[in-house]
Amino acid sequence: MKRLVSLVCIACLLFVSNSSAAPALIALKDLKLVATIGSPDEVSGVVTTGSSIVIYGTKLEKSYAQAINISGEELWTIDLDPASQSLASAATTDASGNVWIGGSISQNTLTPTPAPSSSALNPDNATSLPQDVDLTLKSVVLWRIDHSTHAVSSFTLPQTAPVLITSLAADKNGVTLVGITSTNVGFVVSANLLGEFGKPTLIGKSSTTLDAVVRHNDGSLTVVGASSETLNGKKLVGITDGVIIKISKTGGLLSVVRSSATKAVRNWNSASSSLLLGGQVITGSKTESAITKFSSTYVPTWTYRFMSTGTAFTSGTTSAFFASTAKIPQIATWTPKSARPILLTFDSKGRIIGANSAPTNQREVLGLVTSKILGVLCISASKEAISIYTPT
């Protein structure tokens, strides 16, 4: 009996020892170059439609779109509005494969059309529109590129002041654009698939930016960004708070969730349809990327912070892309000497299960796209050019 008890005790000790052992480190893999697509001054972003990669941006004050295949070969190039000065700044695709590109356009060559009045949701007092935004671009513009013919349709919404469009989302019912006005107010407007705009919603009064939008099946919206002012009765907590805002189908503000760091500058700059959010946290001299998976009621289910240059892009339920500046304990051999982009893959519980890094000359992250056909595409930049990478 004593021998049996001893064997049981030894087995238990072995089990405890093994179960408490540190998990194996994730092997770091390289990202594979797909194509180099242009200079940082000319490329705004990348989306996918079918097996095509669509690059969009602005060259010499004219907006364009260009499609390439996964081998980097050009398929087509389109001047979106060759007669007008414009800025293409955000894009998405719909369920039919049409490409929607949003931005700003000069009113000089447009036929004036009545613009719906805007409704300010927050009368409170509260940072500023980027200095490189052309203040003559006073109309919001939405371009649609047909998935089969590549024909371009253009829809405009005149404004009294410029609006920088930062994000688009589309589904079978329409498309939503968000951004920031020249008076530093968050801007939200939706249109149906015919390009007919509804009434814009303004959020904040002087210090709110919106950087990403998610459309929900019930017609409501989730918009995320940053604010340094009271919104919907929710007062400022830090220096600048990251905010998650729910908007009803009719444009009413339903709720505001603010970050809770009291001495931080925070924002959410990316949001996937599953509410995997990416953003940055600046506390004193420390800058981090924040990656958090939220429930449908905006309750965090898991979260990470990584030392970085700040911005983090998310896609789907599993991927995040940011420029890391320090060791990540779960990743083998990852000790960057300067900012270097890394793609992390998570499982459903938030555990890191994969890691891929860009070359050392890539210093800035610009986007992350997931395609059913092409897989995950990472967009990053060196000093000279923007490139697209995919996991190996």
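Of all residues in region 99-116, those that are more than 22 Å from D79 (Cα to Cα) have Cβ atoms under 6 Å from Cβ atoms of residues that are assigned to a loop (DSSP other than H, G, I, E, B) and at pLDDT 75 or above, 6 or more apart or on another chain, in P116/K199.
Is there a residue being surrounded by fewer than 20 Cβ atoms within 10 Å (Cβ to Cβ) and among the basic types (K, R) anywhere in region 285-292? Within region 285-292 (the criterion being surrounded by fewer than 20 Cβ atoms within 10 Å (Cβ to Cβ) and among the basic types (K, R)), the answer is yes, since at least one residue qualifies.
State whether the residues of region 297-308 include one that is modelled with pLDDT under 95 and in contact with a strand residue (DSSP E or B) (Cβ under 9 Å, 6 or more places away or on another chain). No, the conditions are met nowhere in region 297-308. Listed conditions (1) of a type outside the set (S, T, N, Q); (2) outside any loop (DSSP other than H, G, I, E, B); (3) over 19 Å from A169 (Cα atoms); (4) within 19 Å of the chain's Cα centre (by Cα) are all met by W76, apart from (4).
Filtered by the rule that a residue be over 20 Å from R305 (Cβ atoms) and surrounded by 21 or more Cβ atoms within 10 Å (Cβ to Cβ), region 230-279 gives L231, I245, I247. Looking at I165, I180, I101, just one residue is in a strand (DSSP E or B), at pLDDT 50 or above, surrounded by 17 or more Cβ atoms within 10 Å (Cβ to Cβ) and in contact with an Asp or Glu (Cβ under 9 Å, 6 or more places away or on another chain), and that residue is I180.
Which residues, counting only those in region 220-269, are polar (S, T, N, Q) and not in a strand (DSSP E or B)? Passing the criteria: S220, S228, T230, N232, S248, T250, S259, S260, T262. Applying the criterion of being assigned to a strand (DSSP E or B) and of a type in the set (D, E, K, R) to the residues of region 32-73, the residue that is farthest from S104 (Cα to Cα) is K32.
Here A90, A95 are screened, and the one residue that is under 19 Å from A169 (Cβ atoms) and modelled with pLDDT under 95 is A95. Listed by first and then second residue, the pairs linking a residue in region 334-349 that is in a strand (DSSP E or B) and of a type in the set (A, V, I, L, M, F, W, C) to a residue that is surrounded by fewer than 18 Cβ atoms within 10 Å (Cβ to Cβ) and at pLDDT below 95, with Cβ atoms under 8 Å apart and 6 or more places separating them unless they lie on different chains, are F346/T317.
Of the residues A332, A385, A323, the single one that is touching a Lys or Arg at 6+ places or on another chain (Cβ under 7 Å) and among the small types (G, A, S) is A323.
The values are calculated or read from the model by the stated rules, or taken from the named source; none is laboratory data. Being a predicted model, the structure only gives us computed values, none of them experimental. Cβ atoms come from the backbone with ideal geometry, glycine included; neighbour counts cover every protein chain shown.
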